[in-house]
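The values are calculated or read from the model by the stated rules, or taken from the named source; none is laboratory data. Keep in mind the model is a prediction, meaning the values are calculated, not measured. Every residue, glycine as well, gets a Cβ built from its backbone with ideal geometry; the counts of neighbours run over all protein chains shown.
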Amino acid sequence: MVAEDSLLILLALELLLEQHGIRIAGQASTLAEALALAKSGNFDIAILDIKLHDDLVFPVADLLRQRGIPTIFTSGYALSDMRPARFANVPTIQKPYDVDALMVLVEQAFASASGQRTT
């Protein structure tokens, strides 16, 4: 699952993931869409832009945590003030992405997804 409000960034991320053999199972550009996907979507990991338009994505991350789905946060903003303490250990990458660093986080998320997810 990918939650990203910039179409250009979403398309670039989709291309990057596809080049690494990863298919996006669901995408959202608003908090409402992301919440709907987080509740019932069938996917292994989530890549969430911290700020979707004017909304913060943390309610989505809370749902994903309850389901045991590993999450990666992305942001174009300074991260120090954005994440609540409960998400201090969630991997986060700054935009624009360092491709190698992002793929390391994605691989780690897939590795941790094994056996953790509940529905």
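Summary table
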item	result
Qualifying positions in the stretch 20-45 - in a helix (DSSP H, G or I) and at pLDDT 95 or above	Leu31, Ala32, Glu33, Ala34, Leu35, Ala36, Leu37, Ala38, Lys39
Where a residue in the stretch 13-38 is more than 21 Å from Asp55 (Cα to Cα) and its partner, wherever it lies, is assigned to a loop (DSSP other than H, G, I, E, B) and of a type in the set (Gly, Ala, Ser), with Cβ under 7 Å and at least six apart	Ala25/Gly41
Residue match in the stretch 5-12 (condition: under 11 Å from the mean Cα position of the chain (by Cα) and surrounded by 16 or more Cβ atoms within 10 Å (Cβ to Cβ))	no
Qualifying residues in the stretch 63-83 (those that are assigned to a loop (DSSP other than H, G, I, E, B) and in contact with a Leu (Cβ under 9 Å, 6 or more places away or on another chain)) - the one farthest from Ile50 (Cα to Cα)	Ile69
Of the criteria (1) under 16 Å from Ile9 (Cβ atoms); (2) modelled with pLDDT of 95 or more; (3) within 11 Å of the chain's Cα centre (by Cα), which one Leu64 fails	(1)
